[in-house]
Amino acid sequence: DAKTTQPNSMESNEEEPVHLPCNHSTISGTDYIHWYRQLPSQGPEYVIHGLTSNVNNRMASLAIAEDRKSSTLILHRATLRDAAVYYCIPQSRYNFNKFYFGSGTKLNVKP
Amino acid sequence: SAVISQKPSRDICQRGTSLTIQCQVDSQVTMMFWYRQQPGQSLTLIATANQGSEATYESGFVIDKFPISRPNLTFSTLTVSNMSPEDSSIYLCSVVGPNEKLFFGSGTQLSVL
């Protein structure tokens, strides 16, 4: 399984963009890159995922490097509700859909 | 999406006893997953529960300690056996739903005295 490296913590001001990096240099060519977040006292929730192209949804954008060894989750305007631990997870379709969580990045949003 | 009901939401147990956690999904799913989240830590996959076959355990987890049942495509249980204070954690049930997204139950907060 591909290993990931994320900053332990990051800080952002409310209503400013946030770029959360993830290094996954051992990712295989068929692994999707998933991002989940865990709000305090809740189970993780899906944020976004992609394979090669950049992806956008109502929550965030995902920028994937051309060599796929890294990706960046972009929150366009951080809110206090975005304060959470963000996990980047390479997910193999050939590994029975198992998701292995790394240590994640704790995002603190300041008002 | 998949809606997952997990119970109990929390429990306080005595050392040496066992607790069974239930997970109910609102749709049929092939695989269900059980995770443990120790205080201040990330999630660790315990096992994959398959309907009609034995659960598949991750390294460091064994069936005698964490027996799992999967009687049908919408339900699973995880038992934490012969508990010790080190088992104090949040236990989470999850499934892969539509579009390969992972959905989680609200978790079971277990404290062992």
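We did not get these values from a lab; they are worked out from the coordinates using the rules stated. Since this is a predicted model, take the numbers as computed values, not measurements. Cβ: placed from backbone, ideal geometry, glycine included. Neighbour counts: every protein chain shown.
Can you work out the FRET efficiency for the pair A:Thr52 and A:Lys110, with r the C-beta to C-beta distance and R0 = 35 Å, to the nearest 0.05? The partial results should precede the final answer.
On the way: r = 34 Å, r/R0 = 0.98.
Efficiency computed from Cβ-Cβ geometry: 0.55.
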In the structure shown, do any of A:Lys69/B:Lys65; A:Lys3/A:Lys110; B:Lys7/B:Lys65; B:Lys65/B:Lys101; A:Lys3/A:Lys106; B:Lys7/B:Lys101 have a Cα-Cα gap over 27 Å, and if so which? A:Lys69/B:Lys65; A:Lys3/A:Lys110; B:Lys65/B:Lys101
3J(HN,Hα) from dihedral phi, region B:84-96, Karplus parametrisation 6.51/-1.76/1.60, rounded to Hz, x for glycine, proline: 10, x, 5, 7, 5, 6, 9, 10, 10, 9, 8, 9, 8
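Please work out whether region B:32-113 counts as rounded, prolate or oblate from its C-alpha gyration tensor, where a ≥ b ≥ c are the square roots of the eigenvalues and a/c under 1.5 means rounded, while otherwise a/b larger than b/c means prolate and anything else oblate?
Values: a/c = 1.92, a/b = 1.32, b/c = 1.46.
Taking the square roots of the gyration eigenvalues as a ≥ b ≥ c, region B:32-113 is oblate.
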Given unit charges at Cβ for Lys, Arg (+) and Asp, Glu (-), the dipole magnitude of chain B about its Cα centre in debye, nearest 20, is 180 debye
I want to make sure I understand the PRE zone here: with the label point 7 angstrom from the Cα of B:Gln51 toward its beta carbon, which residues in region B:79-113 have backbone N atoms less than 19 Å away? B:93-105
So, in nm, how far is label A:Ser28 from label B:Val62 when the simple model puts each one 7 Å beyond its Cα toward the Cβ? 3.0 nm
If you average the C-alpha positions of region A:53-92 and of region B:1-72 separately, how far apart do those two centres end up, in angstrom? 28 Å
Dipole check, the protein assembly as shown, charges on Cβ (K,R +1; D,E -1), about Cα centroid: among A:Val18, A:Ser71, B:Gln38 the Cα furthest to the positive pole belongs to B:Gln38
Dipole of chain B, positive direction: furthest Cα of B:Val25, B:Ser76, B:Ser111, with charges on the beta-carbon: B:Ser111
Suppose every K and R has +1 on its Cβ and every D and E has -1 on its Cβ; what is the size of the dipole of chain A about the Cα centre, in Debye to the nearest 20? 220 debye
Sort by residue number and report every cysteine in the protein assembly as shown with no other cysteine beta carbon within a distance under 4.7 Å. B:Cys13
D for chain A, whole µm²/s, Stokes-Einstein with Kirkwood Rh over alpha-carbon pairs at 25 °C and 0.890 mPa s: what number? 176 µm²/s
The residues A:Asp67, B:Asp11, sorted from fewest to most surrounding Cβ atoms within 10 Å, come out as A:Asp67, B:Asp11
Counted neighbours (other Cβ, 10 Å), sorted fewest up, put A:Ile74, B:Ile63, B:Ile46 in the order B:Ile63, A:Ile74, B:Ile46
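What ranking do A:Arg58, B:Arg70 get, fewest neighbouring Cβ atoms within 10 angstrom at the top? All intermediate terms of the calculation are to be shown ahead of the outcome.
Values: A:Arg58 5, B:Arg70 20.
Lowest count first: A:Arg58, B:Arg70.
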